[in-house]
Structure formats: structure tokens, C-alpha cells
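Chemist: The structure's right below; bear with me while I get my questions together.
The values are calculated or read from the model by the stated rules, or taken from the named source; none is laboratory data. Only a predicted model underlies this, so the values are computations on that prediction, with no experimental measurement involved. Note that we place each Cβ from the backbone using ideal geometry, even for glycine, and neighbour counts take in every protein chain shown. Heavy atoms of the whole protein, side chains included, go into the accessibility calculation; ligands, DNA and RNA do not. Shrake-Rupley method; radii C 1.70, N 1.55, O 1.52, S 1.80 Å.
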Amino acid sequence: ETGVTQSPTHLIKTRGQQVTLRCSSQSGHNTVSWYQQALGQGPQFIFQYYREEENGRGNFPPRFSGLQFPNYSSELNVNALELDDSALYLCASSFRRDSYEQYFGPGTRLTVT
Amino acid sequence: KQEVTQIPAALSVPEGENLVLNCSFTDSAIYNLQWFRQDPGKGLTSLLLIQSSQREQTSGRLNASLDKSSGRSTLYIAASQPGDSATYLCAVRRDTGRRALTFGSGTRLQVQP
């Protein structure tokens, strides 16, 4: 049991809407990374947050944004949803920014119609 | 840009067989390589992590090797069991501050009882 939880489990949205996905990190972890996994593909890095600051970003447009809170829970926000945003969104937390041990949550399945 | 390829995309074997999953990457300047397991509807579970200075890592029936110069890694599973059925993902990490992972698309393994 990794202790990383994500909500909601599934979500259906309409193109053009906005969505917020949530991640609760494992206790004591100050770093969280978000990944997008399209069906049949490997996860792609969106961004990482360390102590409430963005600490690196992948090749995703600005309409993908995030927040990390003082209790190290995290949100992923996506504006102006597109059909291609349909995917499994995974968060992964780690004890330190430079730690290689990342613990993944079960993911949120987002469907955009 | 780093690209990670996994072959085969899918594999079905009878229980008890030994099998090899392949992973190749285009940029040999990696910091480490990690193998993950993903069960349907679940997050990722780390199996093995190999630092760039290492040649292999073993855990139980799993053995992962790394040939950094040729850009290849293999995951060897001995005496496969139906419980090994899952998608296996390899991911490489560059030596950057954000510790982002670049994933392959995975190999879907089905072990028949």
C-alpha cells in the first residue's frame, strides 16, 4: 500500500470545460509529479512540484497547471479541455526532490467528449 | 529528445516459461533506468532500478540488465506465473533536477495457467 490517493477515480467532461484532479501524497513526501497516460501508451511527464513550487515541466501547454499545498497535497488543473486530453492521469510522490523512489497513485481516468 | 521503445508490445506465454522483455532508448546519457509493473486500472509499482554505473539488478524471479552504451535494457522473468500478468514499463531518467521519467509504451504480458 503506497498511501498515494487520487480523486476522483473517473471523470467525464465536455470539450472546452475545465477540470481539477486531486492527489494526496504519502505522508512525509514533499515532492509530487504528474503524468498523463493515453490508452496504450506510457506515461508522459507533465510537471513536478517541490515544496509548493513548480520544479520542472514537460512538453504540455500552459492550460495544464498545478498547485501543491502546505500539507503536500496537490491539484492538476486543465482548462479548455480537448478530446486528446482523454487519458489516465497519475500522480507520484517522493520523500525528496532528488529521490528516485516515486510512489504512484491509482490514477484518475478522464474522458472528454 | 529521448525516445524509449519496448518490444514486444504484447506477449502471451504458458505458465512456467522464462521470458525476456526488451527496452531500448535513443540517448545513452541516462542517470538510471527503472522497470515498473502496471495492473489494469492501477498505478505503477516499481520493480527494479538500475543506476547507469550498474550492469544488472535482481529481485526474486526478476533480473534487469542495462547496457548503457548500446541503449538497451532487458527484464528477465523466471518461471512465469499467472500473477505476473500485467503491463511492464521501462523508464529512463536524465540527470536533471526534476528527476522526470521518460517511459516506453510497455509490454502487455499474459501468462496462461
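Chemist: If you stretched the chain out fully between A:Phe60 and A:Ser27, how much longer would it get, using 0.36 nm times the residue separation minus the C-alpha to C-alpha distance? Mind showing how you got there, number by number?
Modeler: Working: separation 33, 0.36 × 33 = 11.88 nm, distance 2.82 nm.
Taking A:Phe60 through A:Ser27 to full extension adds about 9.1 nm, to one decimal.
Chemist: I need the calculated FRET efficiency for the pair A:Ser7 and B:Tyr31, taking r as the beta carbon distance and R₀ as 35 Å, to the nearest 0.05.
Modeler: Values: r = 32 Å, r/R0 = 0.92.
The calculated FRET efficiency here is 0.60.
Chemist: What residue among B:Gln54, A:Tyr50, B:Cys23 has its Cα farthest toward the positive end of the dipole of the protein assembly as shown, where the charges are +1 on Lys, Arg and -1 on Asp, Glu, each on the Cβ?
Modeler: In the protein assembly as shown, that residue is A:Tyr50.
Chemist: Under a plain spin-label model, where a point goes 7 Å from the Cα along Cα-to-Cβ, how far apart in nm are A:Asn71 and A:Asp84?
Modeler: 3.7 nm
Chemist: Then there is this: If the viscosity is 1.306 mPa s and the temperature 10 °C, what Stokes-Einstein diffusion coefficient in µm²/s follows for the range B:45-113 when Rh is the Kirkwood radius over Cα pairs? It would help to have the intermediate numbers written out before the result.
Modeler: On the way: Rh = 13.4 Å.
Estimated via Stokes-Einstein, D reaches 119 µm²/s.
Chemist: Of the heavy-atom accessible surface of the range B:52-109 (probe 1.4 angstrom), what whole percent is carbon and sulfur? Present the calculation step by step, with values, prior to reporting the outcome.
Modeler: Values: 1030 of 2550 Å².
The C+S portion of the solvent-accessible surface of the range B:52-109 is 40 percent.
Chemist: Okay, next question. Could you tell me the relative contact order of chain A? Use alpha-carbon pairs under 8 Å, at least six residues apart, and round to a whole percent.
Modeler: On the way: 290 pairs, mean separation 42.4, N = 113.
Relative CO of chain A lands at 38 percent.
Chemist: Of A:Arg51, A:Arg22, A:Arg63, which is the most mobile in a GNM of chain A whose springs link Cα atoms less than 10 angstrom apart?
Modeler: The residue with the greatest mean-square fluctuation here is A:Arg63.
Chemist: When only the heavy atoms of the protein chains count and the probe is 1.4 Å, how do B:Ile77, A:Ile12, B:Ile7 rank by accessible area, highest first?
Modeler: Details: B:Ile77 0, A:Ile12 130, B:Ile7 105 Å².
Most to least solvent-accessible, the answer reads A:Ile12, B:Ile7, B:Ile77.
Chemist: What percentages make up the Cα-Cα pair-distance distribution of the range A:32-113 when the bins are 10 Å wide from 0?
Modeler: 18, 54, 25, 3
Chemist: Interface size between chain A and chain B, please: total buried accessible area, 1.4 Å probe, rounded to the nearest 100 Å². Walk me through the numbers on the way to the answer.
Modeler: On the way: alone 6300 and 6140 Å², together 10820 Å².
Its buried surface, counting both partners, is about 1600 Å².
Chemist: Another question, if that's okay. Take the solvent-accessible surface of the protein heavy atoms, probe 1.4 Å, and return the percent of it on chain A that carbon and sulfur atoms account for.
Modeler: Values: 2580 of 5480 Å².
Carbon and sulfur together cover 47 percent of it.
Chemist: Now, a different point. When the distances between all Cα atoms of the protein assembly as shown are binned every 10 Å from zero, what whole-number percent does each bin get?
Modeler: Computed distribution, short to long bins: 8, 33, 35, 19, 4.
Chemist: Kirkwood Rh, Cα Rg: Rg to Rh for the range A:1-79? Kindly include the intermediate steps, with their values, before the conclusion.
Modeler: Details: Rg = 12.7 Å, Rh = 13.3 Å.
Ratio of gyration radius to Kirkwood radius for the range A:1-79: 0.95.
Chemist: Can you compute the charge dipole magnitude of chain A about its Cα centre, using +1 on each Lys and Arg Cβ and -1 on each Asp and Glu Cβ, nothing else charged? Give it in debye, rounded to the nearest 20.
Modeler: Numbers: 9 positive and 10 negative charges, 34 e Å.
So the dipole magnitude of chain A works out to roughly 160 debye.
Chemist: Sticking with this structure for a sec: With bins 10 Å wide starting at 0, give me the P(r) of the range B:1-69 over every alpha carbon pair, in whole percents.
Modeler: Distribution as computed: 16, 48, 32, 4 percent.
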